[in-house]
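Undergrad: Below are the structure tokens for one structure; questions will follow.
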2 protein chains.
Amino acid sequence: MTKHIYIYSPSSAIRDKAAFRRGVKRLKALGHEVEIDEAAQSVHQRFAGDDATRLAAISRAAASGADVALITRGGYGITRILDALPYKALAKAIDKGTEFVGCSDFTALQNALFAKTGATTWSGPVVGEDFGNEDGPDDIMEACFDDLVSGQGEGTGWRMPARDAELKFKPVQDAVLWGGNLCVLTSLLGTPYFPAVEKGVLFLEDTHEHPYRVERMLDQLKLAGVLGRQRAIVFGQFTGIRKVPGYDRGFSMHTVIDRLRASLKVPVLAGLPFGHVPTKVLLPVGAKVSMAAEGRDVFLVWGHRHTSAHDDHHEHGHHHAH
Amino acid sequence: MTKHIYIYSPSSAIRDKAAFRRGVKRLKALGHEVEIDEAAQSVHQRFAGDDATRLAAISRAAASGADVALITRGGYGITRILDALPYKALAKAIDKGTEFVGCSDFTALQNALFAKTGATTWSGPVVGEDFGNEDGPDDIMEACFDDLVSGQGEGTGWRMPARDAELKFKPVQDAVLWGGNLCVLTSLLGTPYFPAVEKGVLFLEDTHEHPYRVERMLDQLKLAGVLGRQRAIVFGQFTGIRKVPGYDRGFSMHTVIDRLRASLKVPVLAGLPFGHVPTKVLLPVGAKVSMAAEGRDVFLVWGHRHTSAHDDHHEHGHHHAH
């Protein structure tokens, strides 16, 4: 199914130009009509153009009428322009059917937009690292993306780690899914751009953050009351961790998760295939979801955003990632 | 002047034992009576003992009746125990004359204690890296410490960077001095432990944080309204920055400071000799200060905490660090 895909750069400048080119080529090979924003390859310091350039690119993405707006990459740049983002234009574009997809630094736009307008965006792949992955795009990622563009996705699932085989939690219904990159999300706390979600499902991932820094951010969210008012916390992938041999002495993401569980009544799930990893599912930030488990298998289900567009959803939409 | 100095470990386990021993030796050589907490050299994971052990150590420091309570080192550990710190006992000890000194992770205790009780602590040296510095303790640091233990310190001063030669700001009077490590302070934002200081002088330092991360934290504090309600923001030393050649392209602490100045009416000063550097002055977190400049020379003045203890302060207390 040919879709109109708009590619733009709201954050850092492209570093891996080959990956970017591979990603564009792959999206075209999938049959899509790919439109590249005029400033997608701009460079200003470490940014994909100065703040005004990137804001204009985001506005063009909102005005593009595309089916999907994809970012070239994450990095850093959106928190600088939170006060100037075209929130209304983005919400209007989403209402008209443009799906905004991204991750990492994009977490700031997603959660700020949800806080300001209630609009739903997708945590998911970027053009360079994902579609342009040098080992080829990940199958599950592409299947989830295909679900999105074909309007057939209705949920996702994964298997919890073996160490959590005994974990039980009450099924969650009608809860707002939100979150993304822990560091970027935490950098919104205390500002008007942090979503005031009660009884939601909060998912988190991060990369190149030592577990002590992850723990400090989790404690901040906990002490701010954010974690305690959710229905569930879901850990995605925490990658790029450099342990300090002879010093960490057993302090790890496992101890961080175990300590969080001990201090929180809210269930803490792990193993979500999302983060700075090739195998990433797409997750609708701001959508209502249900979540339940059968043994170690978790099912996260959301409704159709555009219910009029399809009626054959029963056959589709569960790309279970183990 | 012999003082009773109590040494304890509220945060990370000692890694550099030789530096710790040198620091203790140096404090004794200065004529002080040094008491080492029983758990000062404890190890649990990366911490100087588990949470209960470190909390007990902090309580013993508060009960010690010492003139000065010094931490062995910073690191990580205090944000884990913010809900359980002995705030009242610390405030009572300070009221009775014990001066609590530290930096880095200690920023969390200092600002939380000020938020909860209004008590004043000192941002300043630690035993290991400072008194036990392998090149010998820094002269200015020791002179400032001597001011504290002799009760004769009444302020400090420094020269602003040449690039700020034209910077003008209105003298500040009767403003609360607060702050410390930017990363640790920001990790309190949104929690009950972040001080609600209006019209204060906020000083900040950090180490091994890329300028983009520094900027993101400053933006968070700005968007939360914290920076805009201060009388002045004072930058200490930002050290250990690894630039990314061919990528940062001019993005640096200078651009971070310049952008902050452009977006804020509050004066932003630089050059404060404080941070993860040998030459660090002592700064009373929670005290009322005045600040003014003559050309590039800034004078930061606080009152005596114990006015009855000395009457010869006119001859002392300005260790101007250039």
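Undergrad: What share of Cα pairs, in percent, lie more than 27 angstrom apart in region A:154-301?
TA: 16
Undergrad: Let me ask something else. Enter the accessible area per residue of the protein assembly as shown (Å², integer; probe 1.4 Å; all protein chains in place).
TA: Accessible area per residue, the protein assembly as shown: 39 Å².
Undergrad: Shortest first, in nm, what separates the label point of A:THR2 from those of the same position in the other copies (7 Å along Cα→Cβ)?
TA: Result for A:THR2, in nm, nearest copy first: 9.2.
Undergrad: Suppose R0 equals 41 Å. What FRET efficiency, 1/(1 + (r/R0)^6) with r the Cβ-Cβ distance, do B:LYS96 and B:SER263 give to the nearest 0.05?
TA: Computed FRET efficiency for B:LYS96 and B:SER263: 0.40.
Undergrad: Let me have the 222 nm mean residue ellipticity of chain B computed from DSSP H runs of 4+ only, each contributing -39500 (n - 2.57), with the sum over all residues rounded to the nearest 500.
TA: -8500 deg cm²/dmol
Undergrad: Ok, one more. Binned at 20 Å from 0, what are the whole-percent values of the Cα-Cα distance distribution for the protein assembly as shown, short to long?
TA: Percent of Cα pairs in each bin: 19, 48, 27, 6, 0.
Undergrad: By how many degrees, between 0 and 90 and to the nearest 10, does the Cα long axis of helix A:106-117 differ from the longest principal axis of chain A?
TA: Computed tilt is about 90 degrees.
Undergrad: While we're looking at this one, here's another question. So how strong a dipole does region A:154-301 carry about its Cα centre when Lys and Arg Cβ are +1 and Asp and Glu Cβ are -1, to the nearest 20 debye?
TA: Computed charge dipole of region A:154-301: roughly 280 debye.
Undergrad: Rank A:ARG261, A:ARG242, A:ARG296 by mean-square fluctuation in a GNM of chain A with C-alpha springs under 10 angstrom and give only the top-ranked residue.
TA: A:ARG242
Undergrad: Work out the length of the dipole vector of the protein assembly as shown about its Cα centre, built from +1 on the beta-carbon of each Lys and Arg and -1 on the beta-carbon of each Asp and Glu, and round it to the nearest 20 debye.
TA: It comes to approximately 460 debye.
Undergrad: Please name whichever of B:LEU177, B:ALA84, B:ALA19 sits farthest to the positive end of the charge dipole of chain B, dipole taken about the Cα centre and charges placed at Cβ: Lys and Arg +1, Asp and Glu -1.
TA: B:ALA84
Undergrad: Here is a follow-up. State the Cα centre-to-centre distance between region B:46-91 and region A:177-195 in whole Å.
TA: So the two Cα centres are separated by 30 Å.
Undergrad: Distance check, please: which entries in A:LYS25/A:LYS88; B:LYS3/B:LYS28; A:LYS243/A:LYS280 exceed 20 angstrom between their Cα atoms?
TA: The pairs that break the limit, which is 20 Å between Cα atoms, are A:LYS25/A:LYS88; A:LYS243/A:LYS280.
Undergrad: So what does A:ASP206 come to for accessible area, using a 1.4 Å probe and Å² rounded to 10?
TA: In the full protein context, A:ASP206 sits at about 10 Å².
Undergrad: Consider the operator that turns chain B into chain A: which B residue has a Cβ nearest its axis, and what is that gap in Å?
TA: B:GLY190, 2
Undergrad: Give me the Debye-computed log₁₀ of I(q)/I(0) at q = 0.12 Å⁻¹ for chain B, equal point scatterers on Cα only, no solvent, two decimals.
TA: -0.78
Undergrad: In nm, what does the list of distances from B:LYS88 to its counterparts in the other copies look like, shortest first, when each label sits 7 Å along Cα to Cβ?
TA: 5.4
Undergrad: Percent of alpha carbon pairs in region A:228-274 separated by more than 15 Å?
TA: 53
Undergrad: Check which residues have an amide H placed less than 5 Å from A:TRP122's amide H, if you skip close sequence neighbours.
TA: The answer is A:PHE100, A:VAL101, A:GLY102, A:VAL285.
Undergrad: Which percent, nearest 5, of DSSP beta bridges in the protein assembly as shown are antiparallel?
TA: So the antiparallel bridges amount to about 40 percent of the total.
Undergrad: Follow-up question, since we're still on this one. Looking at chain A, what % of its DSSP beta bridges pair antiparallel, to the nearest 5?
TA: 40
Undergrad: Sort shortest first the distances from A:ARG163 to its counterpart in every other copy, using label points 7 Å along the Cα-to-beta-carbon line, and give them in nm.
TA: Label-point distances to the other copies, shortest first: 4.5 nm.
Undergrad: Taking the Cα centre of each part, how many Å lie between region A:254-289 and region A:94-168?
TA: Taking the Cα centre of each part, region A:254-289 and region A:94-168 sit 14 Å apart.
Undergrad: A 20 angstrom limit on the alpha carbon distance is what I want to check against. Which of A:LYS116/B:LYS265; B:LYS199/B:LYS222; B:LYS199/B:LYS265 exceed it?
TA: Violating the 20 Å limit, Cα to Cα: A:LYS116/B:LYS265.
Undergrad: One quarter of the convex hull surface, Cα atoms only: what value does that give for region A:4-137 in nm²?
TA: The orientation-averaged projected area of the Cα hull of region A:4-137 comes to 6.9 nm².
Undergrad: With a/c under 1.5 counting as rounded, go ahead and sort region A:160-216 into rounded, prolate or oblate using the C-alpha gyration tensor (a ≥ b ≥ c being the square roots of the eigenvalues; past the cut-off, prolate if a/b is larger than b/c, else oblate).
TA: It comes out oblate by the Cα gyration axes.
Undergrad: Cα extents of region B:69-124 along the three principal axes, largest first, in whole Å?
TA: 28, 23, 14
The values are calculated or read from the model by the stated rules, or taken from the named source; none is laboratory data. What you are looking at is a predicted structure, and each value in this text was computed from that prediction instead of being measured. Cβ coordinates were reconstructed from backbone atoms using ideal geometry, including for glycine residues, and neighbour counts include every protein chain displayed. With ligands, DNA and RNA removed, areas are computed over all heavy atoms of the protein, side chains included. Shrake-Rupley method; radii C 1.70, N 1.55, O 1.52, S 1.80 Å.
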